[in-house]
Amino acid sequence: TANTLSGASITTGATGSLVLGSDLTLANNFSSTSVSTTPRRVLISGTGSATFSTANGTLDLGGAARNIAVTTTVVGANAANANALIETAIVNGGINKSGPQTLYLTNPASTFAGGLNLAEGIVDVSTGGAAGTGTITFNNTAASALRLSADDMTLANPVVISAGGAAEAKIIFSGGSV
């Protein structure tokens with residue numbers, strides 16, 4: 001059975017793990033004009049909170065490629081701010097990202113090797129290790145993008161552009177330089 005979070009945070013503790021046994025839907029239905037706080041409304045963290053960031057704890061994908069959807073019911077201008085954040089290290093599996101909203105990955109200690117498959121929406125990576133060690137695949141290039149949001153970032157991941165959508169992948173650079 002898939003799990004759905006809406007306006008919630010899960011904390012694993014500094015050395016704890018959240019182990020997924022199924023897919024995950026992160027639904028941020030909080031309507032706000034604040035770009036800086038709304039991703040923290042739907043949060044998986046070690047010891048962080050809606051206002052405090054940490055880089056501890058672990059999200060264990062359970063040895064499988066998990067579908068992680070980021071969705072919202074918010075409409076209008078505020079819909080672009082209704083996103084989700086995983087700041088724990090991600091291990092043991094892969095991520096199939098779906099849903100139109102942005103998924104923020106921030107932990108440089110992520111070692112998931114099953115790949116990051118982009119089918120819909122944006123995945124924002126703020127440090128090289130946050131994307132794991134597997135292949136980053138654009139499965140629907142018309143509806144998905146990878147955003148690199150830090151200065152001088154290096155991604156060691158292979159990148160594959162697969163069938164579907166437009167013929168080019170969208171990689172957005174929002175840091176100072178790449």
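Some notes on this structure:
- All of A65, A69 fail the test of being part of a strand (DSSP E or B), of a type in the set (A, V, I, L, M) and open to solvent by 40 Å² or more (accessible area, probe 1.4 Å), apart from A65.
- The residue that is farthest from A79 (Cα to Cα), among those in segment 122-145 that are within 10 Å of the chain's Cα centre (by Cα), part of a strand (DSSP E or B) and not acidic (D, E), is V125.
- Filtered by the rule that a residue be open to solvent by 20 Å² or more (accessible area, probe 1.4 Å), in contact with an Asp or Glu (Cβ under 7 Å, 6 or more places away or on another chain), under 19 Å from A82 (Cβ atoms) and not charged (D, E, K, R), segment 118-158 gives A143, S149.
- Qualifying residue in segment 84-97 (condition: part of a strand (DSSP E or B), in contact with a helix residue (DSSP H, G or I) (Cβ under 9 Å, 6 or more places away or on another chain) and over 22 Å from I172 (Cα atoms)): yes
- Check on G76, open to solvent by 20 Å² or more (accessible area, probe 1.4 Å), of a type in the set (G, A, S), at pLDDT 85 or above and under 20 Å from V42 (Cα atoms): yes
The values are calculated or read from the model by the stated rules, or taken from the named source; none is laboratory data. Predicted model only: the values in this text are computed from it and were never measured. Here Cβ is always computed from backbone atoms with ideal geometry, including for glycine, and neighbour counts include all displayed protein chains. Accessible surface is based on the protein model in full, side chains and every heavy atom, while ligands, DNA and RNA are left aside. Shrake-Rupley method; radii C 1.70, N 1.55, O 1.52, S 1.80 Å.
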